[in-house]
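Okay, so here's the structure we're looking at.
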């Protein structure tokens, strides 16, 4: 009986986000298996496009149409790179965010690399000829057989995990877990104790013959986990997954996971889609880091994708961090995520430093913090965290305090060093003769100190002391145990051998002034991560900050702060108490989508009389309008379906818009983004 292939076309066009039926010619019946890459004709475009063969059915089971089915053009590769589980996950994730499954798969499946694929196929054929299981081939190294950790490694992992008495049992049950990591450096290498905890959990899961996915925000975190695994995990069991690797390396790692042997996969946000076999645990480190929010369409946060995957596969899901986001705390309060406390609570020595009587008001480094730094420098390095890079990130008029702008492009002016002429941060011009447009003054004042200026000032205050600058332009990963002042911007702090002998957190008041909904959470996360770099017992001075965030850091009660934040947002109907979708496009497209939404979801406006479900639309810079839709989690599916239908309808209307000649131009003006990472205040 003739076969029919159901194909998902790899296209960003929303109207193509469905399975298309194609007849399988006799010449391709052996190669046309589910999961392979194919090329198919697309009648509406008049060309051949790429796609994934999702399933093959008998012609009798296919949907009958008046027109005969087009045939598959070619099978690009014999390797089934799209597993049924990955397609199901991509479909569910896309539907939740009103997006396309092909956009999700574009993040999950690397581009095909012919040489790496041939090497993997050759290794598989060799394993089959020698009687070894083809499903146990390591595509990256060519080794065969499942790999188990040694007794020493398993014993080490159990020793680390024993700090959390209920953790191993919760992982075995496939529970969703909130875990507060120990806030201290690792004992033997340049890594945090959290990296040892994550690695121990992964090794323990591997010892039971199951895979682990470790999702971290950036390369620094990834290197820490890999360093610990390199010392304890068996060779060939760890797979590195990130976009910084070359194309062949990344594709070879992906093929290794398709082989079926258990593995520990360590990577960034897209690792949540890795096709590892029999996943026993998915671990997300520091889910509050904005790097875990996917910027590409459909913009699904790694945390949300992991929750969908855990529900589908039944693996355990661990949210670990030094702080807790309100998103995870909401799930804890609902009973959806379980808290697993440590046997003994650890906390750093946090001191709230303020200016003393007799000191200049607003002094940047109070005497207590200054004395702590002087004492600590006798024993080892001292970390000084600042808000911004550069010398003087902000210049203002010395007379009226108006921010200084470039007369050519209106960009902000900055100073690279003391006494230097200001430069524009946008166009790069040097402004030798500046005049304030408001008061006609010609002198400038430094309104804030960046990392370079801070390093310059501290270098003069502590003569004959090494000063190390660590920021985006001067990346530093580790420092040794010799005395040094390490001036770093938030998130760029290097690890010190044995930990810092003191940590001074500057510019906290300026950080809290940012106009962001989650700025309190963000500051607490920045400060907590820096405090965790201190040696046990070393002082951590938070300078010039008071209030709930400072108290949470000083008492090391970040979950309590998250609970309070969540309680404040519930009556205001702000995320994560509710979900929010942003609808952008032309005024007519957005208006049509909102009208359709109100008709499709009758309970939207009535979910709470005090809450305005639809806010806007308001004009946007660059044209178009934007509206925000607030809705309860229970309405997520109908809201997503309605907005997705509006996106497809808008794309089809655009396609029918006639341009010059007889051809039609695609025109998609409506864009939808669910769970916006940060609302504009």
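The values are calculated or read from the model by the stated rules, or taken from the named source; none is laboratory data. Note that the structure is a prediction, hence the values are computed from the model and not measured. Every residue, glycine as well, gets a Cβ built from its backbone with ideal geometry; the counts of neighbours run over all protein chains shown.
General remarks:
- Filter result (out of contact with any helix residue (DSSP H, G or I) (no Cβ under 6 Å at 6 or more places or on another chain) and in a loop (DSSP other than H, G, I, E, B)) within the stretch 391-403: 393, 394, 398, 399, 400, 401, 402
- Selection of the stretch 629-660 for residues being surrounded by fewer than 15 Cβ atoms within 10 Å (Cβ to Cβ), farther than 26 Å from residue 331 by Cα and at pLDDT 90 or above yields an empty set.
- Single condition residue 124 does not satisfy, out of (1) closer than 23 Å to residue 208 by Cβ; (2) buried (at least 22 other Cβ atoms within 10 Å of the Cβ); (3) at pLDDT below 90: (1)
- Number of the condition not met by residue 524 [criteria: (1) in contact with a strand residue (DSSP E or B) (Cβ under 9 Å, 6 or more places away or on another chain); (2) closer than 30 Å to residue 478 by Cβ; (3) at pLDDT 95 or above]: (1)
- Matching residues, the stretch 33-54, being within 14 Å of residue 78 (Cβ to Cβ), free of Cβ contacts under 8 Å to residues at least 60 places away in the same chain and under 32 Å from the mean Cα position of the chain (by Cα): 34, 35, 36, 38, 52, 53
- Meets criteria (out of contact with any helix residue (DSSP H, G or I) (no Cβ under 6 Å at 6 or more places or on another chain), on the phi < 0 side of the Ramachandran plot, crowded, with 18+ Cβ neighbours inside 10 Å and assigned to a helix (DSSP H, G or I)) for residue 102: yes
- Scope the stretch 105-130; condition part of a helix (DSSP H, G or I), out of contact with any strand residue (DSSP E or B) (no Cβ under 7 Å at 6 or more places or on another chain) and over 26 Å from residue 272 (Cβ atoms); matching residues: 114, 115, 118, 119, 121, 122, 125, 126, 128, 129
So that you can scan it fast, the table gives a plain yes or no per residue for (1) buried (at least 24 other Cβ atoms within 10 Å of the Cβ); (2) at pLDDT below 95:
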residue	(1), (2)
272	yes, no
278	no, yes
282	yes, no
286	no, no
297	no, yes
305	yes, no
310	no, no
318	yes, no
331	no, no
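- Meets criteria (in the same structural domain as residue 273 (by TED's automatic domain parsing) and touching a strand residue (DSSP E or B) at 6+ places or on another chain (Cβ under 7 Å)) for residue 224: yes
- Taken over the stretch 445-460, residues that are closer than 13 Å to residue 370 by Cα and under 30 Å from the mean Cα position of the chain (by Cα) amount to 0.
- Matching option when the condition is part of a loop (DSSP other than H, G, I, E, B), out of contact with any strand residue (DSSP E or B) (no Cβ under 6 Å at 6 or more places or on another chain), surrounded by 13 or more Cβ atoms within 10 Å (Cβ to Cβ) and touching a residue at least 24 places away in the same chain (Cβ under 8 Å), among 426, 434: 434
- A count restricted to the stretch 284-341 and to residues that are out of contact with any helix residue (DSSP H, G or I) (no Cβ under 9 Å at 6 or more places or on another chain) and assigned to a loop (DSSP other than H, G, I, E, B) stands at 6.
- Scanning the stretch 609-628 for residues that are under 13 Å from residue 671 (Cα atoms) and modelled with pLDDT of 90 or more returns 625, 626, 627, 628.
- Test: residue 165 is part of a loop (DSSP other than H, G, I, E, B), within 25 Å of the chain's Cα centre (by Cα) and closer than 28 Å to residue 563 by Cα: no
- Per the listing 225, 214, the residue uniquely in a helix (DSSP H, G or I) and buried (at least 24 other Cβ atoms within 10 Å of the Cβ) is 225.
- Filter result for residue 606 (within 31 Å of the chain's Cα centre (by Cα), more than 15 Å from residue 14 (Cα to Cα) and modelled with pLDDT under 95): no
- Matching entry among 94, 5, 90 (being surrounded by 18 or more Cβ atoms within 10 Å (Cβ to Cβ), at pLDDT below 95 and outside any loop (DSSP other than H, G, I, E, B)): 5
- Any hit, the stretch 524-546, residues being without any contact (Cβ under 8 Å) to a residue 40 or more places away in the chain and within 24 Å of residue 675 (Cβ to Cβ): no
- Qualifying residue in the stretch 460-481 (condition: crowded, with 16+ Cβ neighbours inside 10 Å, out of contact with any helix residue (DSSP H, G or I) (no Cβ under 9 Å at 6 or more places or on another chain) and closer than 23 Å to residue 221 by Cα): yes
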